[in-house]
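In what follows, a single structure is set out as structure tokens and then discussed.
The values are calculated or read from the model by the stated rules, or taken from the named source; none is laboratory data. Fair warning: this is a prediction, and the values are worked out from it, not measured in the lab. A quick note on method: Cβ atoms are made from the backbone with ideal geometry, for glycine too, and the neighbour counts reach across all protein chains shown.
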Amino acid sequence: MNETSRIYIAGGDTLIGTALRERLRAGGYTNLVGEPPDEPDLTCPWQVEDFFSAERPEYVFVAAGPTGGIHANQSYPAQLMRDNLLTTVHVIHNAYRYDVAKLLYLASSCSYPRLAPQPMRVESLMTGPLEPTNEAYAMAKLAGVVLCQAYRRQYEASFITAIPTNTFGPHDDFRAEDSHVIPGLLRRIHEARCRGQAEVRIWGSGRPRREFLYSRDLADACLYVMRNYDADEPINLGGGPELSIAEVANAIVNVVGYRGRLSFDTSRPDGMPLKCLDSQPLMKLGWSPSTDFHTALAETYDWFLRHIASQENRNARKAV
């Protein structure tokens with residue numbers, strides 16, 4: 001892959017897709033195709049086929065498909081599974097049909113069994129029951145891994161798969177309810193500060209632990225494995241800190257400047273008790289993250305203030 005290669009990021013407006021587009025542009029890659037708003041509807045087979053037929057991308061990153069936190073996974077399991085399956089099948093099949101040189105499919109750490117040994121290694125995939133709160137979404141992501149492996153074996157397609165750890169950063173989904181833990185908490189704690197609320201209630205006990213990686217570091221990891229990895233086995237993309245939900249919430253309190261208290265609603269589900277990836281194979285290839293957690297959190301909040309909060313304030317003034 002060089003600076004003039006035709007590169008397509010499926011899901012170019014997602015958290016990871018946007019970080020990839022920014023990273024590629026900063027690296028001098030000038031031939032990105034299918035960028036938003038010109039990306040096809042990936043759940044529509046004829047739109048995807050027409051796009052690949054016309055644009056003929058040489059390298060494809062698959063960062064597409066809807067996602068969300070525990071609330072979204074419990075509320076919309078059919079939608080999450082259906083749209084991820086459709087997207088994956090359409091993109092991977094057309095990448096094969098139109099001779100894509102290499103494809104990187106991004107699965108999810110939710111794909112690991114609920115009680116997989118920690119840190120989670122790819123050998124644990126499909127060795128036990130999935131976490132019930134995200135089973136449908138996780139099953140769709142697992143199907144994408146197996147589909148890429150099937151195309152490698154049957155057609156010798158250079159399709160590789162990677163499993164990112166929990167990711168956050170600019171361009172995230174900052175809805176208070178359906179988003180992942182960091183953007184959702186950041187939004188709620190920011191609003192509590194603005195409204196002078198004395199307390200923020202958080203789902204679960206606060207004890208579950210998660211590994212977190214900045215989206216811009218993950219984009220670097222994706223480019224690195226696209227250049228340096230080509231095997232049937234998935235590779236974990238992690239290397240960030242492992243923190244409890246309570247520790248994350250308190251870090252956000254410090255970044256936002258909230259003076260109230262946090263309480264934890266133990267009647268709500270915790271999700272997996274621990275989710276941390278074994279990323280030693282990636283580290284042995286020569287890659288490691290470069291942004292510390294607190295710097296990444298501060299940059300994410302600054303982006304939120306400039307792009308989300310400021311836009312909502314402008315809309316509120318127009319409404320008055």
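What to note about this one:
- Flag if residue 291 is under 21 Å from the mean Cα position of the chain (by Cα) and outside any helix (DSSP H, G or I): yes
- Residue-level check: of (1) closer than 24 Å to residue 118 by Cα; (2) small (Gly, Ala, Ser); (3) part of a helix (DSSP H, G or I), residue 296 misses just (1).
- Region 30-76: number of residues that are in a loop (DSSP other than H, G, I, E, B), out of contact with any strand residue (DSSP E or B) (no Cβ under 8 Å at 6 or more places or on another chain) and closer than 27 Å to residue 230 by Cα: 5
- Filter result for residue 94 (in a helix (DSSP H, G or I) and either within 14 Å of the chain's Cα centre (by Cα) or surrounded by fewer than 18 Cβ atoms within 10 Å (Cβ to Cβ) (or both)): no
- Any hit, region 34-43, residues being touching a residue at least 12 places away in the same chain (Cβ under 8 Å) and in contact with a His (Cβ under 8 Å, 6 or more places away or on another chain): yes
- A single entry from 306, 261 fulfils the requirement of being surrounded by fewer than 19 Cβ atoms within 10 Å (Cβ to Cβ), at pLDDT below 95, closer than 24 Å to residue 195 by Cβ and not aliphatic (A, V, I, L, M): 306.
- Inside region 107-125, residues that are of a type in the set (A, V, I, L, M) and surrounded by fewer than 17 Cβ atoms within 10 Å (Cβ to Cβ) make up a count of 1.
- Sole residue being out of contact with any helix residue (DSSP H, G or I) (no Cβ under 6 Å at 6 or more places or on another chain) and closer than 23 Å to residue 303 by Cα, chosen from 39, 22, 3: 22
- In region 126-148, the residues that are in contact with a Pro (Cβ under 9 Å, 6 or more places away or on another chain), touching a residue at least 40 places away in the same chain (Cβ under 8 Å) and buried (at least 18 other Cβ atoms within 10 Å of the Cβ): 131, 133, 134, 136, 137, 145, 148
- Subset of region 144-199 (residues that are of a type in the set (A, V, I, L, M, F, W, C), in a helix (DSSP H, G or I) and within 18 Å of the chain's Cα centre (by Cα)): 145, 181, 182, 185, 186
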